[in-house]
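**Q** Sharing a structure here in structure tokens format.
Just so it is clear, none of the values below were taken in a lab; they were calculated from the coordinates. No experiment lies behind these values; they were computed from the predicted model shown. Heads up, the Cβs are rebuilt from the backbone with ideal geometry, glycines too, and the neighbour counts pull from every protein chain shown.
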Amino acid sequence: MSELELLTTREFDAPIALVFDVFTKLQHVRQWFAPFEEESDRLLDPPACRRELPHRHGDRRHGIEFRGTYLEVEPPTQTVETWLYDEWPDAEAVESMDLHETDG
């Protein structure tokens, strides 16, 4: 791992397919990612290749957006996508999620 990489490990007491859906499907992401605008449907479920996450942050008067492109989608175990935060337009990140089931 390089100094530009970050590894986060989490454990969930849930079936792997449900965890995958919570991280990738609009109806679930709206519940945990950020305070979305009610009429926003711009997050696209896999295997769509683009997604946008408009939301309000703190007391900002304007929305901020995260954008990304799915590079790989392997339900229910893996996604690889790019992330771009609108306030840092030259700092595109690549994020991967690898899910593993333990003890059924």
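**Q** ³J(HN,Hα) across segment 8-25 via Karplus (A = 6.51, B = -1.76, C = 1.60, θ = phi - 60°), whole Hz, x for Gly/Pro?
**A** Karplus values, whole Hz, x for Gly and Pro: 10, 10, 9, 10, 10, 8, 7, x, 4, 5, 5, 4, 4, 4, 4, 8, 10, 9.
**Q** What does the net charge come to around Thr77 if you take all other residues with beta carbon closer than 11 Å to its beta carbon, with K and R at +1 and D and E at -1?
**A** -4
**Q** Show me, for segment 65-73, the HN-Hα J-couplings you get by feeding each phi into the Karplus relation (A = 6.51, B = -1.76, C = 1.60, θ = phi - 60°), rounded to Hz, glycine and proline as x.
**A** 9, 10, 10, x, 10, 5, 9, 9, 9
**Q** Counting other beta carbons within 10 Å of each residue's own, what order do Glu101, Glu81, Glu3, Glu87 fall into, fewest first?
**A** Arranged by neighbour count, lowest to highest, Glu101, Glu81, Glu3, Glu87 become Glu3, Glu87, Glu101, Glu81.
**Q** Also, I was wondering about something else. Could you line up Asp98, Asp13, Asp21, Asp86 from fewest to most neighbouring Cβ atoms inside 10 Å?
**A** Values: Asp98 9, Asp13 5, Asp21 18, Asp86 13.
Ordered from fewest to most neighbouring Cβ atoms within 10 Å, Asp98, Asp13, Asp21, Asp86 come out as Asp13, Asp98, Asp86, Asp21.
**Q** A further question on this structure: Within segment 73-104, which residues have the backbone N less than 15 Å from the label spot 7 Å out from Asp13 along Cα→beta-carbon, could you tell me?
**A** Correct set: 102-104.
**Q** Oh, and also: May I ask for the net charge around Pro15, where only other residues with Cβ less than 13 Å from the Cβ of Pro15 are counted and Lys, Arg are +1 while Asp, Glu are -1?
**A** Result for the neighbourhood of Pro15: -4.
**Q** What distance in nm separates the two pseudo spin-label positions at Val22 and Trp88, each 7 Å out from Cα along the beta-carbon direction?
**A** With each label placed 7 Å out from Cα toward Cβ, I get 2.6 nm.
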